[in-house]
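Visitor: Have a look at the structure that comes next, please.
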Amino acid sequence: MGVASDDVVVIEVAKRAGEPSVVTVNCPDQTGLGCDICRVILEFGLCITRGDVSTDGRWCYVVFWVVKLSASMNIQWENLKNRLMSICPSCSIPFYFDLVNPPTSAQVYLLKLFSVDRKGLLHGNNIFELLVSFLSLEIGLLIGAKCDADVTQVLCELELLIHWVKVSTTPDGRVVDLFFITDGMELLHTKERQDETCERLIAVLGESVNRCEIQLAEDFQQGVSSLPPVAAEELFSLELCDGEFCSQALSPDMKRLKKANVNIDNSLSPSHTLLQIQCVDQKGLLYDIMRTLKDCDIQIAYGRFLSDMKGSREVDLFIQQTDGKKIVDRVKQDILSSRLRLEMLHPMRVMIANRGPDIELLVANPVEMSGKGRPLVFYHVTLALKLLGICIFSAEIGRHRTSERQWEVYRFLLDDSLELPLANSQSRSRIVDTVRRTLMGF
């Protein structure tokens, strides 16, 4: 069975604002493909409002209706199509080529930006959107002491995949930003690509940028985040209260929102288990469900996703184990149900902790078994801090391993604020609640 390459991914862009665009993927199947598709769609700043998935185990047909997470985002539809084609088993080759100077696999580069500190540097719409259409955003980011959307927008539009970042402000007011990145287009080894990247950044930041440099990073290794034991225990521990996972940082109305029903039924199909999920809709919900099933080696034969006007989501999935059998063991059912509810209700952890004399915002999300982190986390955190008027002194991203899994940890040293003094417990709660709401889309 085959299909023309132009028909592997078809995108029908909405003709009017507010209407969904339709993304169709028609290719050979493999375990976890649904998760990979949802991840790419989320990377490009899109939310899935409706979907249909079907497969016979060898070939899959996926249709997603998508809308922008933010009206200001400039979606690069051709780049999205190419990225989706690159993850399809029949098209699993890079989608950009330089035949004269082909790159080696997964080359990591160091991007350096030297700039003058100014309010609005970090989260400016121009830069974040610029950097996602240019490279494949894993975590779009660039900060300065003031969180504004300029650089984050560029990183997103340029499609830069960031593996580690260190951003800080020197006492004389200069900002030094270091990014270890890979290029989704696999062209960053060329002078033209490097020059274009720096030119786009400088064009948005203007005179505040003194210098932009890109060089090959030798012997790069993902940073390990060494958290204090007390902070790590609070960040990664959740208790089950009254049938729901509880967190002491949730506001009362957030606790009312964070409800999820998971039902497993083996009576409707002789060969598949029906998984039914009802919960409040949120950013990346289908990605969270799909990555959980992928990590648990669960295959989807058929699925349908619907959202209503009240912000609720209904998901029906006919699933199997990788051996082709139904999930009939009650213990396995309970483990899967508990894991799904945890990942849907608390896909990300947020807290504020003391770091010596300083105040630190910690945001953590689980890493997929494949080693990939969650898209757009840095973008949404910096957006939330911008809305609160909170300034960032420095930031870094690393990995932290617990007994059960690996986490991606974002650490932000915050500047104190007259409007929200960080020593005040109510101010801290408001910051945590706003960051979580922005991440989840509430």
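Visitor: Hey, any hits in the stretch 302-321 for a residue that's modelled with pLDDT under 95, under 27 Å from Glu404 (Cβ atoms) and in a loop (DSSP other than H, G, I, E, B)?
Guide: So far as the stretch 302-321 goes, no, none of its residues is modelled with pLDDT under 95, under 27 Å from Glu404 (Cβ atoms) and in a loop (DSSP other than H, G, I, E, B).
Visitor: When you scan the stretch 61-70, do you find a residue that is free of Cβ contacts under 8 Å to residues at least 60 places away in the same chain, outside the structural domain of Val280 (by the TED database) and small (Gly, Ala, Ser), even just one? Talk me through it step by step, then tell me what you get.
Guide: Start the filter on the stretch 61-70 by keeping residues that are free of Cβ contacts under 8 Å to residues at least 60 places away in the same chain, which leaves 61-68, 70.
Subset that is outside the structural domain of Val280 (by the TED database): 61-68, 70.
From what's left, small (Gly, Ala, Ser): 70.
Scanning the stretch 61-70, I find at least one residue that is free of Cβ contacts under 8 Å to residues at least 60 places away in the same chain, outside the structural domain of Val280 (by the TED database) and small (Gly, Ala, Ser), so the answer is yes.
Visitor: Run down Leu121, Leu99, Leu69, Leu80 and say which single residue is surrounded by 22 or more Cβ atoms within 10 Å (Cβ to Cβ) and at pLDDT below 90.
Guide: Details: Leu99 fails: surrounded by 22 or more Cβ atoms within 10 Å (Cβ to Cβ); Leu69 fails: surrounded by 22 or more Cβ atoms within 10 Å (Cβ to Cβ); Leu80 fails: at pLDDT below 90.
Step by step, each of Leu121, Leu99, Leu69, Leu80 is checked, and only Leu121 is surrounded by 22 or more Cβ atoms within 10 Å (Cβ to Cβ) and at pLDDT below 90.
Visitor: To continue, here is another question. Give me a count of the residues in the stretch 423-442 that are at pLDDT below 90 and open to solvent by less than 20 Å² (accessible area, probe 1.4 Å).
Guide: Selection size over the stretch 423-442: 1.
Visitor: Looking at the stretch 24-53 only, could you name the residues that are modelled with pLDDT under 95 and among the hydroxyl-bearing types (Ser, Thr, Tyr)?
Guide: Matches in the stretch 24-53: Thr31, Thr49.
Visitor: Scan (1) assigned to a strand (DSSP E or B); (2) modelled with pLDDT of 65 or more; (3) more than 16 Å from Ile327 (Cα to Cα) for the single condition Gln299 breaks and write down its number.
Guide: Among (1) assigned to a strand (DSSP E or B); (2) modelled with pLDDT of 65 or more; (3) more than 16 Å from Ile327 (Cα to Cα), the lone unmet condition for Gln299 is (3).
Visitor: Ser21 is checked against (1) within 24 Å of Leu439 (Cα to Cα); (2) buried (at least 16 other Cβ atoms within 10 Å of the Cβ); (3) at pLDDT below 95 and fails just one. What number does that condition carry?
Guide: So the condition that Ser21 fails would be (3).
Visitor: Considering only residues that are open to solvent by 30 Å² or more (accessible area, probe 1.4 Å) and modelled with pLDDT of 90 or more, which ones fall in the stretch 1-13? Can you show your working first?
Guide: If we filter the stretch 1-13 for residues that are open to solvent by 30 Å² or more (accessible area, probe 1.4 Å), which is where we start, we get 1-7, 10-13.
Val10, Ile11, Glu12, Val13 - these are the residues of the stretch 1-13 that are open to solvent by 30 Å² or more (accessible area, probe 1.4 Å) and modelled with pLDDT of 90 or more.
Per-residue answers, yes or no, for (1) farther than 26 Å from Val175 by Cα; (2) of a type outside the set (Lys, Arg); (3) assigned by the TED database to the domain that holds Asn263:
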| position | (1), (2), (3) |
| --- | --- |
| Pro366 | yes, yes, no |
| Pro375 | no, yes, no |
| Leu383 | no, yes, no |
| Leu387 | no, yes, no |
| Arg430 | yes, no, no |
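Residue-wise test of (1) in the same structural domain as Ile397 (by the TED database); (2) open to solvent by less than 40 Å² (accessible area, probe 1.4 Å); (3) of a type in the set (A, V, I, L, M, F, W, C).
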| site | (1), (2), (3) |
| --- | --- |
| Thr182 | no, yes, no |
| His189 | no, no, no |
| Arg193 | no, yes, no |
| Cys198 | no, yes, yes |
| Leu205 | no, yes, yes |
| Ser208 | no, yes, no |
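Here's the yes/no breakdown for (1) of a type outside the set (S, T, N, Q); (2) over 15 Å from Thr55 (Cβ atoms); (3) over 19 Å from the mean Cα position of the chain (by Cα):
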| position | (1), (2), (3) |
| --- | --- |
| Gln282 | no, yes, no |
| Gln299 | no, no, yes |
| Tyr302 | yes, no, yes |
| Asp308 | yes, yes, yes |
| Ser312 | no, yes, yes |
| Ile319 | yes, no, yes |
| Ile327 | yes, yes, yes |
| Val331 | yes, yes, yes |
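Visitor: Looking only at the stretch 71-81, how many residues end up being assigned to a helix (DSSP H, G or I), in contact (Cβ under 8 Å) with a residue 40 or more places away in the chain and over 16 Å from the mean Cα position of the chain (by Cα)?
Guide: As a first pass, look at the stretch 71-81 and keep what is assigned to a helix (DSSP H, G or I): 77-81.
After this cut, where a residue has to be in contact (Cβ under 8 Å) with a residue 40 or more places away in the chain as well, the list is 77, 79-81.
Filter once more, so that each one left must be over 16 Å from the mean Cα position of the chain (by Cα): 77, 79, 81.
Within the stretch 71-81, residues that are assigned to a helix (DSSP H, G or I), in contact (Cβ under 8 Å) with a residue 40 or more places away in the chain and over 16 Å from the mean Cα position of the chain (by Cα) number 3.
Visitor: Keeping to the stretch 280-296, report how many residues are among the β-branched types (Val, Ile, Thr) and either at pLDDT below 90 or not in a helix (DSSP H, G or I) (or both). Step through it out loud before you land on a result.
Guide: Of the residues in the stretch 280-296, the ones among the β-branched types (Val, Ile, Thr) are 280, 289, 292.
Next, from what is left, pick out any that are either at pLDDT below 90 or not in a helix (DSSP H, G or I) (or both): 280.
The total comes to 1.
Visitor: Another one. Considering every residue within the stretch 222-234, establish whether at least one is surrounded by fewer than 16 Cβ atoms within 10 Å (Cβ to Cβ), modelled with pLDDT under 80 and farther than 20 Å from Tyr379 by Cβ.
Guide: Of the residues in the stretch 222-234, the ones surrounded by fewer than 16 Cβ atoms within 10 Å (Cβ to Cβ) are 224, 226, 228-230, 233.
Then drop every residue that is not modelled with pLDDT under 80, which leaves 224, 226.
Restricting the remaining residues to those that are farther than 20 Å from Tyr379 by Cβ gives 224, 226.
Within the stretch 222-234, one or more residues are surrounded by fewer than 16 Cβ atoms within 10 Å (Cβ to Cβ), modelled with pLDDT under 80 and farther than 20 Å from Tyr379 by Cβ.
Visitor: Condition (residue is in contact with an Asp or Glu (Cβ under 8 Å, 6 or more places away or on another chain), at pLDDT 85 or above and in a strand (DSSP E or B)) applied to the stretch 338-352: is it met by at least one residue?
Guide: Within the stretch 338-352, one or more residues are in contact with an Asp or Glu (Cβ under 8 Å, 6 or more places away or on another chain), at pLDDT 85 or above and in a strand (DSSP E or B).
Visitor: So for the stretch 377-391 (the condition being open to solvent by 10 Å² or more (accessible area, probe 1.4 Å), part of a strand (DSSP E or B) and more than 30 Å from Leu33 (Cβ to Cβ)), does at least one residue qualify?
Guide: No, because not a single residue in the stretch 377-391 is open to solvent by 10 Å² or more (accessible area, probe 1.4 Å), part of a strand (DSSP E or B) and more than 30 Å from Leu33 (Cβ to Cβ).
The values are calculated or read from the model by the stated rules, or taken from the named source; none is laboratory data. It should be emphasised that the depicted structure is a prediction, and the values quoted were computed from it without experimental measurement. A quick note on method: Cβ atoms are made from the backbone with ideal geometry, for glycine too, and the neighbour counts reach across all protein chains shown. In case anyone asks, the SASA skips ligands and DNA or RNA and just uses the protein heavy atoms, side chains included. Shrake-Rupley method; radii C 1.70, N 1.55, O 1.52, S 1.80 Å.
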